[in-house]
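The values are calculated or read from the model by the stated rules, or taken from the named source; none is laboratory data. These numbers were taken from a predicted model, which means no experiment stands behind them. We place every Cβ from the backbone using ideal geometry, glycine too, and count neighbours over all the protein chains shown.
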């Protein structure tokens, strides 16, 4: 009987993680929409979403710690719960980065509108897809899908470097747009960091599924 | 002191509603992506998301009923909580409709791929934006924004009628694609229903904000 109860709680933990992930994804999408549409109302929505993320994070953490304390799970279940706790933290930081985008967006609303040579929509969608795939990998215990998320991280790094270079060039050529271009550089950087968190999630999934600490392997292979 | 506690609970109720809305939006987006990319894994994700929606709906309902029972709120707060309960139901049914899309998508995976003359991505995005705006209208108590959501409903009705007509034409011209076109008709209908639920949410927001039952006015004006 206690085991049945435990598995029910585990599945509720998964449900809560999914809601947290949906909020994080919504934060990214809404922040990018707010920036592209210069929409103050959407900035406010990101702020309210951030509050909801913090509430969801707290509840998820409490549930995970309670499971750890009361059930003393072993092996695969223990690693899963530990992964959820870390992933929860990454999702919360995705909310923070999205708030950063919303804050910068609000600052650009007083500036003249400039069409920057960066596809922020594509970057945002890409980062959003990484979050979804990383969470999907967790729910399915799919290490291969998680690997693919880590590979996607290289693409968004490349997009960010290109955005950075193109915006610096714009500043050189049209110094009157320096402020707007600088905001663009920082927002691209926010998106790159969001992708990093998705990649962290994927790493934790691989850790959970394979039972091997791939982060350690990675740091050794990089020596 | 009890009032402070009550307002804290109200704000937690809002947080939970936001998580529920994020899940519903994610359901729509993921279901449409699953269909367009013919991705079985994403169909499964919609299914898991549906489980998370059901859990979130139950928790939100419980919290709302508890607030009603214990706090006996009056006037604007009472109407707000009643609106949340109804909106919660609409969001859950958005999850159901998204599951319908995922189920149909799975059925199309065995069929030959056909490029249908319908922009499902645009319909899905439009419906998703309606959900977000309706929830934003609730959180901000913005009846005007809610009105605009109800107006958006006409656009998606038009898209659905056009999809329907174009797909029937395709069946006439290329009867070998009947099955795929029929799935397309049903998926467009799912999206139109999702938009209906977003429109219901907007109506409840107007009811809450204005204290007037606009649904009743509507039904009278349609007599």
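For the range B:157-172, the condition holds for no residue, the condition being that it is in a helix (DSSP H, G or I), over 18 Å from residue B:32 (Cβ atoms), without any contact (Cβ under 8 Å) to a residue 24 or more places away in the chain and under 17 Å from the mean Cα position of the chain (by Cα). When every residue of the range B:67-84 is checked against the conditions, at least one turns out to be within 14 Å of another protein chain (Cβ to nearest Cβ) and touching a residue at least 60 places away in the same chain (Cβ under 8 Å).
Give the range A:86-96 a look and list any residue that's away from chain B (no Cβ under 14 Å) and farther than 18 Å from residue A:42 by Cα, or say none.
Within the range A:86-96, the subset away from chain B (no Cβ under 14 Å) is A:86-87, A:89-90, A:93, A:96.
A:86, A:87, A:89, A:90, A:93 - these are the residues of the range A:86-96 that are away from chain B (no Cβ under 14 Å) and farther than 18 Å from residue A:42 by Cα.
Scanning the range A:9-31 for residues being more than 11 Å from every other protein chain (Cβ to nearest Cβ) and modelled with pLDDT under 95 gives a total of 2. Can you spot a residue in the range A:32-45 that is within 7 Å of another protein chain (Cβ to nearest Cβ), within 18 Å of the chain's Cα centre (by Cα) and surrounded by 15 or more Cβ atoms within 10 Å (Cβ to Cβ)? Yes, some residue in the range A:32-45 is within 7 Å of another protein chain (Cβ to nearest Cβ), within 18 Å of the chain's Cα centre (by Cα) and surrounded by 15 or more Cβ atoms within 10 Å (Cβ to Cβ).
So, of the residues in the range A:51-65 that are in contact (Cβ under 8 Å) with a residue 24 or more places away in the chain and more than 10 Å from chain B (Cβ to nearest Cβ), which turns out to be surrounded by the fewest Cβ atoms within 10 Å (Cβ to Cβ)?
Taking the range A:51-65 as the starting set, the residues that turn out to be in contact (Cβ under 8 Å) with a residue 24 or more places away in the chain are A:52-54, A:56-57, A:59-61, A:63-64.
If we keep only those that are more than 10 Å from chain B (Cβ to nearest Cβ) too, we end up with A:57, A:60-61, A:63-64.
Working: A:57: 20, A:60: 24, A:61: 16, A:63: 19, A:64: 21.
My answer is A:61.
When restricted to residues that are modelled with pLDDT of 95 or more and over 16 Å from the mean Cα position of the chain (by Cα), the range B:116-143 contains 4.
Of B:26, B:9, B:37, all but one fail to be touching a helix residue (DSSP H, G or I) at 6+ places or on another chain (Cβ under 7 Å), more than 16 Å from residue A:50 (Cα to Cα) and free of Cβ contacts under 8 Å to residues at least 40 places away in the same chain; the exception is B:26.
Within the range B:124-148, residues that are in contact (Cβ under 8 Å) with a residue 24 or more places away in the chain have Cβ atoms under 7 Å from residues that are part of a loop (DSSP other than H, G, I, E, B) in no pair, counting only partners at least 6 apart in sequence or on another chain.
Per-residue answers, yes or no, for (1) within 13 Å of another protein chain (Cβ to nearest Cβ); (2) buried (at least 16 other Cβ atoms within 10 Å of the Cβ); (3) touching a helix residue (DSSP H, G or I) at 6+ places or on another chain (Cβ under 7 Å):
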{"site": "A:98", "(1), (2), (3)": "yes, yes, yes"}
{"site": "A:101", "(1), (2), (3)": "no, yes, yes"}
{"site": "A:109", "(1), (2), (3)": "no, no, yes"}
{"site": "A:116", "(1), (2), (3)": "no, yes, yes"}
{"site": "A:128", "(1), (2), (3)": "yes, yes, yes"}
{"site": "A:134", "(1), (2), (3)": "yes, yes, yes"}
{"site": "A:144", "(1), (2), (3)": "yes, no, no"}
{"site": "A:161", "(1), (2), (3)": "no, no, no"}
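Residues in the range B:178-223 that are surrounded by 21 or more Cβ atoms within 10 Å (Cβ to Cβ), over 18 Å from residue B:94 (Cα atoms) and at pLDDT below 95: B:206, B:208, B:209.
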